[in-house]
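First up is the structure itself, then whatever we jot down about it.
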Amino acid sequence: MGGPITAMKFFFAALFTETNTFSSIPTSRQSFENCCYCRGEDALRADSVLTVHVQRFAARAAEFGAQMEIGLCAVAQPSAPVSQRDYEEMRDALLDDLRRCEGVDAVFLMLHGAMVSQDCLDCEGDVLSRARQVVGADVPVMVILDPHAHLTDRMVKSADVLAFMKEYPHTDGPRCLDDLFQIARDIMDGSARPVAAVAECRILGLWPTQDQPIRAFTDRLRELERRDGILSVSFVHGFPWGDTPDTGSKILVYADNDRAAAQRLADSLAGEVWAMREVSQPRLASIDEALDIIETADSAPVVLADVADNAGGGAPADSSFILRAVLERGLTGVAFALFYDPTLVEFCRQAGIGARIRARVGGKLGPFSGEPVDINGTVMGLATDAKQLAFGTTPDRMGNTAWIQVRGVDIIVSSMRTQCFDPLAFSHIGLDPTQRRALVVKSINHFQAGFAPIAKRIVAVGTPGALNMDFAHLPYEKLSKPYWPRVSQPVFG
């Protein structure tokens with residue numbers, strides 16, 4: 001990247017949550033404070049998914065010899081639209097931090113891309129357009145986003161570069177930030193002028209990048225960058241559980257001062273996504289099929305993903321469907337994580353390790369949670385302020401946790417709602433996950449980084465939970481454009 005650029009000032013801030021517009025779990029300022037809400041150098045030490053990105057920003061700024069300013073860094077677990085008052089207060093706090101950073105030479109923001117408030121369907125576009133008004137047209141505004149996003153015209157017009165992480169699980173955020181720094185350098189020294197082009201894929205779906213054919217497609221996106229005048233390529237997967245006019249998958253390409261080249265590549269890549277629409281979608285096993293696999297497996301552990309109850313997509317993380325089926329079959333050696341139930345955790349803490357308890361597990365937060373399961377079990381372990389690892393590197397808070405064993409089945413309950421990322425969700429409390437016949441994790445795909453090394457087999461399970469994968473029949477009100485699989489050959493006007 002050449003020698004250091006002296007006497008420069010860089011600004012970083014983050015406002016990050018993924019909104020499930022079908023969720024009934026409220027999102028407020030408190031939701032962010034429970035996860036991460038900080039400013040300045042406190043963000044370098046916060047226990048959240050932001051930590052590694054803020055640290056990376058600080059390291060890259062130091063390489064530039066630039067002064068570093070860190071504004072608001074706020075993250076919340078996915079859930080329902082954010083309280084409008086709280087959203088506006090956080091947005092304005094971020095913008096106030098930016099205003100105080102007089103003479104800023106480049107702005108780096110980490111946003112999600114699927115944040116919705118009660119009165120705003122495009123929070124990222126709102127934040128970016130206001131940030132642009134603060135810094136003017138000549139200051140580069142560089143943005144890292146989650147691929148599960150709603151890409152809008154307002155977002156594209158307000159930023160110099162929107163770079164969406166390519167991996168799902170999202171393990172490449174730091175690399176994405178590195179790429180942004182390179183492009184920012186090129187913009188500032190006059191050697192690059194990014195122009196954007198967008199192409200609709202006409203699909204609502206889910207694309208785990210560890211599986212073919214998406215693995216090879218994702219690798220090729222990286223190969224296309226920094227060649228033939230192409231600066232950045234993003235496959236925006238979209239977030240199907242957010243009802244907005246812009247919901248859906250898209251390709252975003254930035255070329256160096258050549259919009260026609262950017263559009264040709266975007267159109268070509270969107271055509272490739274369309275061509276593999278059926279073979280690229282994950283197959284879900286029924287609960288009975290998944291339990292049959294456990295019973296016949298000749299090695300362990302088998303990992304079952306309860307994809308519809310993923311807190312990382314706004315689900316309650318307390319659905320009981322698989323637990324009830326396991327107990328009714330009389331299966332043993334099966335362990336579950338993480339059931340969200342702060343009241344049950346406190347109940348276990350009062351009873352103490354070794355105590356026999358009668359309680360209800362799951363089925364408490366709404367119709368997507370199923371019916372509660374009545375248990376008579378034993379408190380096997382307790383932990384305070386427990387953490388697991390997200391994406392193999394970032395601490396993720398689980399709050400207080402309890403381990404309950406009932407009829408040979410283990411249940412890890414947490415006081416904070418979060419998905420199961422890592423085997424630490426089991427082992428932190430004394431349960432060795434490698435010694436269980438099967439592990440049931442409440443997650444769609446982010447568990448892969450942690451569990452793939454120990455799993456003998458991984459099975460995605462379809463349940464009637466909050467993250468319904470029947471994309472053809474989701475009850476959209478704001479999304480009116482045609483898309484596959486609802487329409488076999490959607491045509492855009």
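None of the figures in this text is laboratory data; all of them are computed from the coordinates on show. None of the values given here were measured: they were computed from a predicted structure. Cβ placement follows ideal geometry from the backbone for every residue including glycine, while neighbour counts extend to all protein chains displayed.
Please get the size of the charge dipole for the stretch 287-467, origin at its Cα centre, with Cβ charges of +1 on Lys and Arg and -1 on Asp and Glu, quoted in debye to the nearest 20.
Computed charge dipole of the stretch 287-467: roughly 360 debye.
For the stretch 287-467, what does the alpha-carbon gyration tensor say about shape, rounded, prolate or oblate, given a ≥ b ≥ c as the root eigenvalues, a/c under 1.5 as rounded, and a/b over b/c as prolate?
Verdict is rounded for the stretch 287-467.
Determine the relative contact order of the chain: mean sequence separation of Cα pairs under 8 Å and six or more apart, normalised by residue count, in whole percent.
15 percent
Tally Lys/Arg at +1 and Asp/Glu at -1 over every other residue whose Cβ is under 14 Å from the Cβ of Ala255; what's the total?
That works out to -2.
Residue by residue, what Karplus-based ³J(HN,Hα) values in Hz, rounded to whole numbers, does the stretch 258-265 have, using 6.51, -1.76 and 1.60 with θ = phi - 60° and x for Gly and Pro?
Once θ is set to phi - 60°, the couplings for the stretch 258-265 become 8, 5, 5, 5, 4, 5, 4, 5 Hz.
What number, in nm² with one decimal, is the all-direction average of the projected area of the convex hull of the alpha-carbon atoms of the chain?
One quarter of the hull surface, i.e. the mean projection, equals 22.1 nm².
Can you list residues from other chains, or at least 5 along the same chain, whose modelled amide H is less than 5 Å from the amide H of Val440?
So Val440 has HN proximity to Leu304, Ala335, Phe336, Ala337.
Given a cut-off of under 8 Å on Cα pairs at least six residues apart, what relative contact order in percent is computed for the stretch 9-275?
Reported relative contact order: 19 percent.
Using only the alpha-carbon atoms, how far is helix 342-351 inclined from the longest principal axis of the chain? Give it as 0 to 90 degrees, nearest 10.
For helix 342-351, the angle is close to 40 degrees.
Could you give me the ³J(HN,Hα) list for the stretch 140-150, computed from phi with Karplus coefficients 6.51, -1.76, 1.60 and θ = phi - 60°, whole Hz, x at Gly and Pro?
Coupling constants for the stretch 140-150: x, 10, 10, 10, 9, 9, 7, x, 7, 9, 9 Hz.
From the Cα gyration tensor of the stretch 9-275, with a ≥ b ≥ c the square roots of its eigenvalues, which class applies: rounded if a/c is under 1.5, or else prolate if a/b is larger than b/c, or else oblate?
Oblate, since a/c reaches 1.5 and b/c is not below a/b.
Could you work out the per residue convex hull volume over the alpha carbons of the stretch 255-326, in cubic angstrom?
167 Å³
Can you give the percent of C-alpha pairs in the stretch 36-182 whose distance is more than 28 Å?
Here the tail beyond 28 Å accounts for 10 percent of pairs.
Going toward the positive end of the dipole of the stretch 287-467, with +1 on Lys and Arg Cβ and -1 on Asp and Glu Cβ, which of Ala351, Val303, Phe391 do you reach last?
With unit charges placed on the Cβ atoms, the residue in question is Ala351.
What ranking do Asp422, Asp96 get, fewest neighbouring Cβ atoms within 10 angstrom at the top?
Ordered from fewest to most neighbouring Cβ atoms within 10 Å, Asp422, Asp96 come out as Asp96, Asp422.
Enumerate the calculated ³J(HN,Hα) couplings along the stretch 37-45 in order (Karplus 6.51 cos²θ - 1.76 cosθ + 1.60, θ = phi - 60°), each rounded to whole Hz, writing x wherever the residue is Gly or Pro.
Here the 3J(HN,Hα) series is 8, 7, 9, x, 5, 4, 5, 5, 10 Hz.
At a Förster distance of 22 Å, what's the computed FRET efficiency of Thr296 paired with Arg407, Cβ-Cβ distance as r, to 0.05?
The formula returns an efficiency of 0.60 here.
Rounded to the nearest 10 degrees, what's the angle between the helix 214-224 long axis and the longest principal axis of the chain, both from Cα atoms, 0 to 90?
Result, in degrees: 20.
Give the shape of the stretch 288-377 as rounded, prolate or oblate, defined through the alpha-carbon gyration tensor: a ≥ b ≥ c are the square roots of its eigenvalues, a/c under 1.5 means rounded, and otherwise the shape is prolate if a/b is larger than b/c and oblate if not.
Oblate.
Local charge sum around Trp274 (other residues, Cβ-Cβ under 15 Å, Lys/Arg +1, Asp/Glu -1)?
Net of charged neighbours comes to +1.
Treat the count of other C-beta atoms within 10 Å as a stand-in for reagent exposure and order Trp484, Trp274 from fewest to most.
Trp274, Trp484
Can you order the peptides 304-316, 20-32 by their average number of other Cβ atoms within 10 Å per residue, highest first?
304-316, 20-32
May I ask for the net charge around Asp138, where only other residues with Cβ less than 11 Å from the Cβ of Asp138 are counted and Lys, Arg are +1 while Asp, Glu are -1?
Combined, the nearby Lys, Arg, Asp and Glu give -1.
Here are some pairs, Lys166/Lys456; Lys387/Lys478; Lys250/Lys364; Lys157/Lys481; Lys9/Lys387; which of them have Cα atoms lying more than 28 Å apart in this structure?
Violating the 28 Å Cα-Cα cut-off are Lys387/Lys478; Lys250/Lys364; Lys9/Lys387.
What ranking, highest mean first, results for peptides 471-482, 158-169, 187-198, 252-263 when packing means the other Cβ atoms within 10 Å averaged over each residue?
158-169, 252-263, 187-198, 471-482
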